[in-house]
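To keep things clear, I will list the structure first and then write my remarks on it.
The values are calculated or read from the model by the stated rules, or taken from the named source; none is laboratory data. Because the structure is a prediction, the values reported are computed rather than measured. Cβ sites come from the backbone with ideal geometry, for glycine too, and all protein chains shown count toward neighbours. The protein model used for the area step is the full one, side chains on, heavy atoms only, and it has no ligands, DNA or RNA in it. Shrake-Rupley method; radii C 1.70, N 1.55, O 1.52, S 1.80 Å.
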Amino acid sequence: MKNDYIKRVCDNLAIKSSHEPEFLQATNEVLESLDPVFKLNPELEQIGILERLIEPERTIIFRVPWVDDSGRVKVNRGFRVQFNSAIGPYKGGLRFHPSVDLSVIKFLGFEQIFKNSLTGLPLGGGKGGSDFDPKCKSDGEVMRFCQSFMNELYRHIGQFTDVPAGDIGVGAREIGYLFGQYKKLANEFSGVLTGKGLSYSGSLVRPEATGYGLCYYTDEVLRRLKGQGGLHDRRVAMSGSGNVAVFAAEKAAQMGAIVVTMSDSTGWVHAPNGIKLDVVKGIKLEHRGRISEYVKYDASAKYHEGRGVWSAAADVALPCATQNELTLDDAKQLVKNGCQAVVEGANMPSTPEAIAYLKKQSVLFGPAKAANAGGVAVSGLEMSQNSQRLSWTAQEVDDKLREVMFNIVNMSLNAAEKYGKSGDLAIGANIAGFERVADAMKAEGVV
Ligand code: NDP
């Protein structure tokens, strides 16, 4: 890192947030890449742009008591980090997973600032969640938890203030319970959450948006930077089997790719002839089952317990599960097997060491904040439809999603070129996302 100002901010943050490793990882990655921007715009230091960016505008931590099916009271911890509202109301999902803590929510909220900026829509950055684990809970338990979570959250959110959505562990069922409770408490039917069901003001293509957007982005960057056609005929290794992975696999197959792996937190499936998506959808989306069940329906596939999904031979890797799931060893294995592109569907799935290695080996690297922005983009479109009291057709929404993803590719490549980092999609995305937010923060004064 060459710039003194950036170095000072990173060093101070390393002390102040020493107990927040994921947050430090995310901030270091972004701040380091802004080096060329501060060379050209040293006046940004005077307005304390970085110190303001790394400190959330507001952090809410709250108790979530709920009653399990046996009548026992349980307590979880709830979070909402309202990170930055320079370009719009706070926007970002809710994650329910035992690994959730303040560091995880802050890293996700920080990333969200730049991702939302890249969409070109008026969306600020935020994120929330809880260490509650919806797995193995009854519908009644999940409902009571969601209601209790909203009993506190509702006073901090609103269609013009903060608009949460889903993330890991928060799908259609959870959004339904959360929305129902918000409506009851606020006595208002508004677009306060996105990812809603179609019968109560959700948007067509929202469930598919992150996965579809990931494939539109991947196809485009392969064409533009590798020059040998897009996803068609490529073998794709994918991790995860949740919302993002399932619809990324669907779109990849529609585009002529062969998806050869999928996983969950217990293991992974290798299907060299191509994953049968209807089977995965049945297991994961309809019955909340395990990916291990897949091999019962596909004799040519093999199930492997534990990690290892990146050891399968593939041309393209799409990590779609969770943070830091693709390590340096995984990156080496992918390169050894001839992988030409790693594009992130999950948030921060690749470790810094893995990214550095991939770049050194000239593997195309598509960063999460650009590649998975399709989900929040269609959430933004859901907000527009809610404000207009209108529903757009699937074709209209999908067309707009494609346009947003192509714009993100263009903005990233243009910013990289402008600052002498031609072809670097990660640096380009960070700079393009930063420029819009910094401009708005300059305009709003010190607030
Ligand atoms: P889901 O809960 O629908 O699915 C998550 C998937 O990842 C599951 O297959 C899950 O397996 C697996 N997984 C979760 N934690 C781990 C872990 N610690 N180790 C291995 N596997 C794990 O979540 P989404 O698909 O919505 O989200 C996946 C990623 O995409 C996250 O990083 C999220 O932040 C990001 N994202 C999601 C968006 C969205 O619109 N939903 C938008 C943009 C980004 P298991 O079932 O065993 O837990």
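Any residue that is within 27 Å of Ser99 (Cβ to Cβ) and within 15 Å of the ligand (Cβ to nearest atom) - is there at least one of those in region 178-192? Looking for residues that are within 27 Å of Ser99 (Cβ to Cβ) and within 15 Å of the ligand (Cβ to nearest atom), one finds at least one in region 178-192, hence yes. Kindly establish whether Phe149 is within 14 Å of the ligand (Cβ to nearest atom), crowded, with 19+ Cβ neighbours inside 10 Å and closer than 30 Å to Leu24 by Cβ. Here the answer is no, as Phe149 does not meet what is asked.
One residue stands out among those in region 347-362 that are open to solvent by less than 10 Å² (accessible area, probe 1.4 Å) and not in a helix (DSSP H, G or I): the one that is farthest from Val163 (Cα to Cα), which is Ser350. For region 165-194, which residues satisfy the criterion of being under 19 Å from the mean Cα position of the chain (by Cα), in a loop (DSSP other than H, G, I, E, B) and surrounded by fewer than 19 Cβ atoms within 10 Å (Cβ to Cβ)? The answer is Gly171, and nothing else. Identification of strands (runs of 3 or more DSSP E) wholly contained in region 215-321 with 2 or more residues that are modelled with pLDDT of 95 or more and surrounded by fewer than 17 Cβ atoms within 10 Å (Cβ to Cβ) yields 302-305. The single residue among Ala416, Ala429 that is farther than 30 Å from Tyr200 by Cα and either surrounded by 24 or more Cβ atoms within 10 Å (Cβ to Cβ) or within 19 Å of the chain's Cα centre (by Cα) (or both) turns out to be Ala429.
Scanning region 300-346 for residues that are within 16 Å of the chain's Cα centre (by Cα) and within 12 Å of the ligand (Cβ to nearest atom) yields Leu318, Pro319, Cys320, Ala321, Thr322, Gln323, Asn324, Glu325, Leu326, Glu344, Gly345, Ala346. Taken together, Val104, Val30, Val67 contain a single residue that is of a type in the set (Val, Ile, Thr) and open to solvent by 40 Å² or more (accessible area, probe 1.4 Å), which is Val67. Contact annotation: residue pairs with Cβ atoms under 8 Å, 6 or more positions apart or on different chains, pairing a residue in region 120-143 that is farther than 16 Å from Ser103 by Cβ with a partner that is open to solvent by 40 Å² or more (accessible area, probe 1.4 Å) and of a type in the set (Phe, Trp, Tyr), are Val142/Tyr177; Met143/Tyr177. Look at (1) under 22 Å from the mean Cα position of the chain (by Cα); (2) farther than 24 Å from Gln112 by Cα; (3) more than 14 Å from the ligand (Cβ to nearest atom) and you find that Thr161 fails only one, number (2). Counting just the residues of region 77-90 that are assigned to a strand (DSSP E or B), of a type outside the set (A, V, I, L, M) and open to solvent by less than 30 Å² (accessible area, probe 1.4 Å), which one comes out nearest to Leu193 (Cα to Cα)? Once the filter is applied, the top-ranked residue is Tyr90. Flag set for Val335, criterion: hydrophobic (A, V, I, L, M, F, W, C), open to solvent by 30 Å² or more (accessible area, probe 1.4 Å) and within 18 Å of Phe365 (Cα to Cα).
Checking the structure you have, find out if any residue of region 430-442 is closer than 18 Å to Lys226 by Cα and touching an Asp or Glu at 6+ places or on another chain (Cβ under 9 Å). Within region 430-442, none of the residues are closer than 18 Å to Lys226 by Cα and touching an Asp or Glu at 6+ places or on another chain (Cβ under 9 Å). When Lys400, Lys418 are checked against the criterion of being touching a Pro at 6+ places or on another chain (Cβ under 9 Å) and of a type in the set (D, E, K, R), Lys418 stands alone in meeting it. Of all residues in region 417-430, those that are hydrophobic (A, V, I, L, M, F, W, C) have Cβ atoms under 6 Å from Cβ atoms of residues that are open to solvent by 20 Å² or more (accessible area, probe 1.4 Å) and in a loop (DSSP other than H, G, I, E, B), 6 or more apart or on another chain, in Ile427/Lys421. Output the qualifying pairs, or none if there are none: Cβ atoms under 7 angstrom, residues six or more apart or on different chains, first residue in region 372-398 and open to solvent by 70 Å² or more (accessible area, probe 1.4 Å), second residue within 16 Å of the ligand (Cβ to nearest atom). Close Cβ pairs (under 7 Å, with a partner that is within 16 Å of the ligand (Cβ to nearest atom)) amount to Thr393/Leu204. One residue stands out in region 33-64 among those that are β-branched (Val, Ile, Thr) and touching a Phe, Trp or Tyr at 6+ places or on another chain (Cβ under 8 Å): the one that is most open to solvent (accessible area, probe 1.4 Å), namely Ile61.
Taking first residues from region 281-305 that are in contact (Cβ under 8 Å) with a residue 12 or more places away in the chain and partners that are open to solvent by 70 Å² or more (accessible area, probe 1.4 Å) and charged (D, E, K, R), the Cβ contacts under 7 Å between residues at least 6 apart in sequence or on separate chains come to Val295/Lys302; Tyr297/Lys276; Asp298/Lys276.
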